[in-house]
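A.B. asks: Structure below; questions to follow.
The values are calculated or read from the model by the stated rules, or taken from the named source; none is laboratory data. All of these numbers come straight from a predicted model, not from anything done at the bench. Ideal geometry is used to build each Cβ from the backbone, glycine not excepted, and the neighbour counts take in all protein chains shown. Surface areas here come from the heavy atoms of the whole protein model, side chains and all, with no ligands, DNA or RNA. Shrake-Rupley method; radii C 1.70, N 1.55, O 1.52, S 1.80 Å.
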Amino acid sequence: MSMAYKDDEEDWLTVCLKYLLFLFNFLFWVGGAAVLGVGVWTLVEKSDYLSLLASSTFAVSAYILILAGGLVVVTGFLGCCAVIREQRSCLSTYFFFLLLIFLIELVAGVLAYVYYQRLSDELKEHLNQTMTENYAQQGKETITSAVDRLQQDFKCCGSNNSHDWTLSAYIRSEESGDRVVPDSCCKTITPDCGRRDHPSNIYKVEGGCITKLEQFLADHLLVIGAVGIGVACLQICGMVFTCCLHRRIKMDPY
């Protein structure tokens, strides 16, 4: 009786582990969709701003999340097959992919956190130079478009303030047409509206575009870090369930 009871207990534990692993796979897919969505959202929404950054760390973090989200779809399917078939080899492969995705997402989260710490310094050091030296210059159309969109989206003018444009290569050139700021600084864009820099005509925001762009990127980085590390922690549960089920399966069934 005791042996039979023990066998029943072992079967019950195995079934519980299988259902827990199925539940984890569902949550894993949801988390994977979130990871993939955040990665795509980061690159698509206002992606023009990436050309204004000195380093590619922000974009790399997003690409890593997209890679991890794609792997989750494959791994989740593999996990369901491993649970149904109860093969130790499948469970071992599933565990390996969980560990791989865990490390990928952890790297994305750490990169986002590290970049978050030095974001302000990078913007202060490079944004003004990028805007004043490259705006409206030949071969720099991407930066020109990014600056125009930045100033219109965030209702700002210049990296620190509108006076930054007095040092701009564009404003000092004949192409400016006596403008003192680009037309994208204007509250209502009309031809040659940048010739007048009165507060009633242009955006004069405290802190300029640096403050606005820093807050925007910081919010995105926090989301990237939180999602990456959050889903990575969820995978720890999956790895624990996988290890427990792996130990309870004696050998691959014939």
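A.B. asks: Determine which single condition Leu67 fails, assuming it passes every other condition in (1) out of contact with any helix residue (DSSP H, G or I) (no Cβ under 6 Å at 6 or more places or on another chain); (2) open to solvent by less than 60 Å² (accessible area, probe 1.4 Å); (3) not small (Gly, Ala, Ser).
C.D. replies: (2)
A.B. asks: Also: What's the number of the condition Val73 fails, among (1) open to solvent by less than 70 Å² (accessible area, probe 1.4 Å); (2) closer than 30 Å to Tyr19 by Cα?
C.D. replies: Every condition holds for Val73 apart from (1).
A.B. asks: Suppose we filter Glu133, Glu206 for residues that are open to solvent by 30 Å² or more (accessible area, probe 1.4 Å) and outside any helix (DSSP H, G or I); which single one remains?
C.D. replies: Glu206
A.B. asks: How many of the residues in the stretch 163-203 are open to solvent by 30 Å² or more (accessible area, probe 1.4 Å) and polar (S, T, N, Q)?
C.D. replies: Adding up the residues that qualify gives 5.
A.B. asks: Moving to a separate point now. Could you check the stretch 132-164 and list, in sequence order, the residues that are closer than 25 Å to Leu43 by Cβ and without any contact (Cβ under 8 Å) to a residue 40 or more places away in the chain?
C.D. replies: Asn134, Gly139, Lys140, Glu141, Thr144, Asp148, Gln152
A.B. asks: Does Leu217 satisfy being assigned to a helix (DSSP H, G or I), within 30 Å of Trp29 (Cα to Cα) and open to solvent by 70 Å² or more (accessible area, probe 1.4 Å)?
C.D. replies: no
A.B. asks: Look at the stretch 137-162 and say how many of its residues are in contact with a Gly (Cβ under 6 Å, 6 or more places away or on another chain) and open to solvent by 60 Å² or more (accessible area, probe 1.4 Å).
C.D. replies: 2
A.B. asks: Tell me which residues, restricted to the stretch 212-247, are of a type in the set (A, V, I, L, M, F, W, C) and over 18 Å from the mean Cα position of the chain (by Cα).
C.D. replies: Hits for the stretch 212-247 are Leu234, Ile236, Cys237, Met239, Val240, Phe241, Cys243, Cys244, Leu245.
A.B. asks: I'm trying to understand the selection: among the residues of the stretch 21-64, which are under 14 Å from Leu98 (Cα atoms) and buried (at least 21 other Cβ atoms within 10 Å of the Cβ)?
C.D. replies: Residues satisfying the conditions are Leu21, Phe24, Asn25, Phe28, Gly31, Gly32.
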